[in-house]
Amino acid sequence: AGVQAKAKTGKSDGTELLFSDIKGHWAKENIERAVGLGFVTGYEDGKFRPQGQVTRAEFAAMLARALKLDGEGGGTAGFTDSGHIPQWAASFISQAASAGILEGYEDGSFR
């Protein structure tokens, strides 16, 4: 699910998390908890897209946030397709790769 933008909160203490597309969804409480823990966010349009497919870049961001990885790591330049890695995800991918949690494909790409 989405990881690109900050979650919207309804109350000043952040206890009511609002996404226009999770009302009534079976995972609503889990989504809100994951957002509260800081490893997932949502999209800039106010949606979470709970039925959407998670990209490798989004997965790397969730892992890096959940494990509280820090630092820039070795960068994404080591991947043959580094020019296609979204800028918002580059540091997360680098952190996860440097920690040995994920790696590229045999051809050197991240995809």
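The values are calculated or read from the model by the stated rules, or taken from the named source; none is laboratory data. Predicted model only: the values in this text are computed from it and were never measured. When we count neighbours, we look across all protein chains shown, and the Cβ atoms used for this are built from the backbone with ideal geometry, even at glycine. We work out accessible area using only protein heavy atoms, side chains counted, and drop any ligands, DNA or RNA first. Shrake-Rupley method; radii C 1.70, N 1.55, O 1.52, S 1.80 Å.
Structure notes:
- Of the residues making up region 28-74, those that are polar (S, T, N, Q), out of contact with any helix residue (DSSP H, G or I) (no Cβ under 9 Å at 6 or more places or on another chain) and assigned to a loop (DSSP other than H, G, I, E, B) are Q51, Q53.
- Test for A66: is it open to solvent by 40 Å² or more (accessible area, probe 1.4 Å), of a type in the set (A, V, I, L, M) and over 30 Å from S20 (Cβ atoms): no
- Looking only at region 70-85, and only at residues there that are open to solvent by less than 50 Å² (accessible area, probe 1.4 Å) and closer than 22 Å to T41 by Cα, the one that is modelled with the lowest pLDDT: G71
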